[in-house]
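Each reported figure results from applying straightforward, stated rules to the coordinates on display, with no laboratory input. Note that the structure is a prediction, hence the values are computed from the model and not measured. Don't worry about glycine lacking a Cβ; one is built from the backbone with ideal geometry, like all the others, and counts go over all protein chains shown.
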């Protein structure tokens, strides 16, 4: 094995056992061959903050990743790629044409030689634009689009609008609680393939991709990565406006980012499994890589940490169904170009009055009210999609966990990790994530030494 590089965003990750004793791109094979001594406290703490083990962590003691964007040479790990945000001098119109060209090229490269092409299409701007650009490249081919939703909670209005406009073969899947935690759920099989708990949307992706597999699609494209590259997480990207410099920036950031609070984990976990998440984060980031402009601190974090969790969930779901994964937005030439653009090309104020009105407000109250996230991408989308799709408010995938788990008070949890089985004080999303983590523990405990 000569070229041991983990890709920048997780499409290929190498793992090693202890001091590089064994190296493989198949974590499950390493675990089955060697067993493990215990579940990683750092990995579990990372899951509670970031939803997955970040940096070099896995969920197992003595097993580590070669971090994304890093390579192993002569038993030393070095970074070969990181997000850089040095701004180039370019007009908006020129940048817009370049983005369109790079996205079209990325899609063209992915679909070259493929017979049937499937797309995850939520009805949001990112996935819809991917389909629209593919239709431009393939005006006469059949394109297959797939959407997931829930009874009373779906975005089918928008995905149907795009499917009709672009003349795709469109399939919808209604999901329910049984799809997530029932006896025939894909939760455990996906965990067993991945070697860590799932992202909540992974199950939905895997379900709609089963239709793509039956339809004979040999590649599956999605819009993951667009928010990360083009400034779609408007609230997070405006955090800098509330930073008061009374503590390190990423301490402030974590106080506003954690998926489970400090109080949550103190009430749920034995103390041996509670590790300082700020240290975990700063061991993953490299302060020498931080951008000069504080506006780009969160974009740097997003691509260094957050994007990897999204891309690995997509790869896991697609490979589970035997599909070639396609992520047009994480084409490295496109990523590097967009990173070089001025911040205002990605997150732009609606007008001068909006910029003034936003001063002093909490960052959560600014995004999409006073600014336009993914500004340059939305301007590109205006050439291809209805404004109704482009400029609707950002709407996270609406899994109705609160409704499903409203009456759930407890779950039979692993006694080594969890203090009790009581889930009463958690919202529905957190209840699912605890069940998700506990399912992982149950599936892998049989390989423990």
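I'd like to compare 339-350, 355-366: which one has the highest average count of other Cβ atoms within 10 Å, and what's the full order after that? Each step should come with its number before you reach the end.
On the way: 339-350: 18.8, 355-366: 14.4.
Averaged packing, sorted descending, gives the order 339-350, 355-366.
The stretch between residue 115 and residue 353 holds 80.6 nm of extra length on full extension. This uses 0.36 nm per residue minus the Cα-Cα distance.
Figure legend: label point modelled 7 angstrom from the Cα of residue 165 along Cα→Cβ; no residues of the stretch 58-99 have amide N under 13 Å from it.
Here the label points at residue 420 and residue 3, each 7 Å from Cα along the C-beta direction, are separated by 5.5 nm in the simple model. Quick one: grab the alpha carbon gyration tensor of the stretch 237-352, order the square roots of its eigenvalues as a ≥ b ≥ c, and give me rounded if a/c is under 1.5, else prolate or oblate depending on whether a/b is larger than b/c. Oblate is the answer for the stretch 237-352, as a/c is 1.5 or above yet b/c matches or exceeds a/b. Taken as Cα centroids, the stretch 171-191 and the stretch 212-266 sit 24 Å apart, rounded to the nearest whole angstrom.
When the helices in the chain are scored as -39500 (n - 2.57) per DSSP H run of 4 or longer and the sum is shared across all residues, what 222 nm value do you end up with, to the nearest 500 deg cm²/dmol? Working shown, then result.
Working: 22 runs with 189 residues, N = 449.
Helix-only estimate at 222 nm: -11500 deg cm²/dmol.
How long are the three semi-axes of the equivalent ellipsoid for the stretch 323-376, computed from the Cα gyration tensor as the root of 5 times each eigenvalue, in whole Å, largest first?
For the stretch 323-376, the semi-axes come out at 30, 13, 8 Å.
Residue separation times 0.36 nm, minus the C-alpha to C-alpha distance between residue 287 and residue 104: what's the value?
On the way: separation 183, 0.36 × 183 = 65.88 nm, distance 3.43 nm.
62.4 nm is the gain from fully extending residue 287 to residue 104.
If a spin label sat at a point 7 angstrom from the Cα of residue 136 along the line to its beta carbon, the backbone N atoms of the stretch 363-400 nearer than 13 Å would be those of 377-385.
All Cα-Cα separations within the stretch 82-142 were binned at 5 Å from zero, giving a P(r) of 3, 14, 21, 21, 16, 12, 7, 4, 0, each value a whole percent of the pairs. Just so you know, the Cα atoms of the stretch 137-204 work out to an Rg and Dmax of 15.2, 42 Å.
Please give the peptides 163-173, 269-279, 317-327 ranked by average Cβ packing (other Cβ atoms within 10 Å per residue), highest first, as a rough proxy for protection.
Values: 163-173: 17.3, 269-279: 15.3, 317-327: 20.5.
Highest to lowest by the protection proxy: 317-327, 163-173, 269-279.
Convex hull over the Cα atoms of the stretch 318-449, averaged projected area in nm²?
On the way: hull surface 57.8 nm².
Its Cα hull, projected and averaged over all orientations, spans 14.4 nm².
What is the Å³ per residue value for the convex hull set by the Cα atoms of the stretch 85-208? Working shown, then result.
Details: hull volume 20.6 nm³, N = 124.
Convex hull of Cα atoms, per residue: 166 Å³.
With a cut-off of 17 Å on the backbone N, the residues of the stretch 58-87 near the modelled label site 7 Å out from residue 29 along Cα-Cβ are 64-66.
Return 282, 121, 239, 332 ranked ascending by Cβ neighbour count within 10 Å, so the fewest neighbours appear first. Intermediate results must be reported in sequence, preceding the final value.
Values: 282 15, 121 32, 239 23, 332 12.
So the residues, fewest neighbours to most, are 332, 282, 239, 121.
DSSP beta bridges confined to the chain are antiparallel in about 50 percent of cases. Shown here are the Rg and Dmax of the Cα trace of the chain, at 21.6, 63 Å.
Using per-residue counts of other Cβ atoms within 10 Å, averaged over each peptide, order 44-54, 436-446, 174-184 from highest down.
Highest-to-lowest ranking by the protection proxy: 44-54, 436-446, 174-184.
Here the alpha carbons of the stretch 8-110 define both size measures, Rg and Dmax, at 18.6, 56 Å.
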